[in-house]
Amino acid sequence: SYLIRRKPSRSNRLTMTDADSDRISCLPDLIINQILSHLSIKEAVRTSVLSSMWRNKWSTQLDLVFDRQCVSGATSQDPSVIESKFLRIVDHVLLLHSGPINKFEVSDSGCDLIGVNSMADIDRWIRHLIGRSIKELVLDIWFEQRYKIPWCLFSCQSLCRLNLYCCWLKPPTTFEGFRNLKSLELERVTVAQDAFEHLISSSPLLEKLILTDFHGFTHINIHAPNLKYIQITGDVPVELPRPCIDLRSLCLFINFNDLKQISVALCLLKSSPKLRKFGMFVPLEEQTSLLTPASYCWEELFSEPDTPLLVRHLAIEDISGTKSELDFIRFLLLYSPVLEKLIVKPIVNVKPELMIELIRFRRASAQAEVIYRVNDSS
């Protein structure tokens, strides 16, 4: 248990006879709560033994995060013992906590805190949180079989942020959306096509959407008038049914050894008439891979867009100077007439001739500035 029952000795007790002896306890509650918010749950609860003044201060914390730190002092390495202790800790904290809860997070990215037999416990926590007007819910859990989100969560209209991992979403037919939801992140989540579309369209305040390795639908139809940020990880089609008329900033991780990924990036560029900022990062696996892309025809892969690219700021990081990388940069310079700045950051130990090649590329924009930044290897 986090709460230490042993009464502190007289020599260890905090006394308030001298105001300077305990300056922290004299701080306003708002500041004390800020201090506690930077501690783990385990450390925050342990402050209850400092003095009678601190006994219940932790119990009004707005953000509750349960992760591996909660059981860092476990003497047994038996997974069942660790899981049992973790479940008791969450139950204990929720039982003694008073007041509203803004954020509740369970983080089990190591897949060793919660097993599939604990799904009923998660159901119980969610029911409890709904009654506490929860605003942010993060379930970073990893099961072989998807955890089915209980129907009661779909009635929680206080939610502003929802992050779910390895879950199954099946809203009830009476679900009317989350009217206050602003951020939604789904990773390895299974949800039907119509359920996903209804979830998005009936969350009118949604501003941020992150989708990673999702299952259950093949087309992404999004109606979200306030959406400002979207991130999709997984297979993306090389053709879009309609242009991204409101996309202004785009960042992509591209493996230039994969012609399909190059085609997707080109498709997004050509389909985004209002795009102004574009950033590309080369993932580590390309740098360590000995594979080279299949041969291709420049005129086919890097065909001239129907309308000029209106991007103004470009940034490309961690390139190694391969032919496909240079061809992509050449394409951007050739068809971006209003380009103002191109920043290129190669990996360490790239041949110095790369900078000369970049400078020689023809540019559609007379004011385009090419900035070559060498990474510091020290």
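Each value in this text was obtained by applying a stated rule to the coordinates, not by laboratory testing. On a predicted model such as this, the values are computed, not experimentally measured, just so you know. Cβ coordinates were reconstructed from backbone atoms using ideal geometry, including for glycine residues, and neighbour counts include every protein chain displayed.
Results, tabulated for the structure shown:
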item	result
Spin-label model distance (nm) - Phe253 vs Cys267, 7 Å beyond Cα toward Cβ	2.0
Positive minus negative residues near Val65 (Lys, Arg vs Asp, Glu; Cβ under 9 Å)	-2
Net charge over other residues, Cβ less than 11 angstrom from the Cβ of His128 (K, R count +1; D, E count -1)	0
Pair Thr212, Thr174: separation of 7 Å Cα→Cβ label points (nm)	3.5
DSSP beta bridges in the range 63-185 [antiparallel fraction, %, rounded to 5]	0
Summed residue charge, Cβ within 13 Å of Ile343's Cβ, Lys/Arg positive, Asp/Glu negative	+1
Full-stretch length increase - Ser80, Ile222 - with 0.36 nm per residue and alpha-carbon distance subtracted	46.9 nm
Positive-end residue, the range 105-237 charge dipole about Cα centroid, Cβ charges, pick of Ser158, Trp168, Ile114	Ser158
From phi via Karplus (6.51, -1.76, 1.60), per-residue ³J(HN,Hα) for the range 301-311 in Hz, x at Gly/Pro	6, 10, 5, 5, x, 4, 10, x, 6, 9, 5
Exposure proxy order (Cβ contacts within 10 Å, fewest to most) of Glu176, Glu300, Glu325	Glu300, Glu176, Glu325
Cα-based reach from Lys260 at 18 Å (exclusive), listing lysines while leaving out same-chain residues under 8 positions away	Lys270, Lys323
Sparsely packed GluC sites (Glu not before Pro) within the range 197-276, loop by DSSP, other Cβ within 10 Å at most 12	Glu239
At R0 = 41 Å, FRET efficiency that the Cβ-Cβ distance of Lys277 and Ser155 yields, to 0.05	0.55
Anchor Lys103: lysines whose Cα lies under 28 Å away (excluding residues fewer than 8 positions away in-chain)	Lys42, Lys57, Lys85, Lys135, Lys148, Lys170, Lys182, Lys208, Lys228
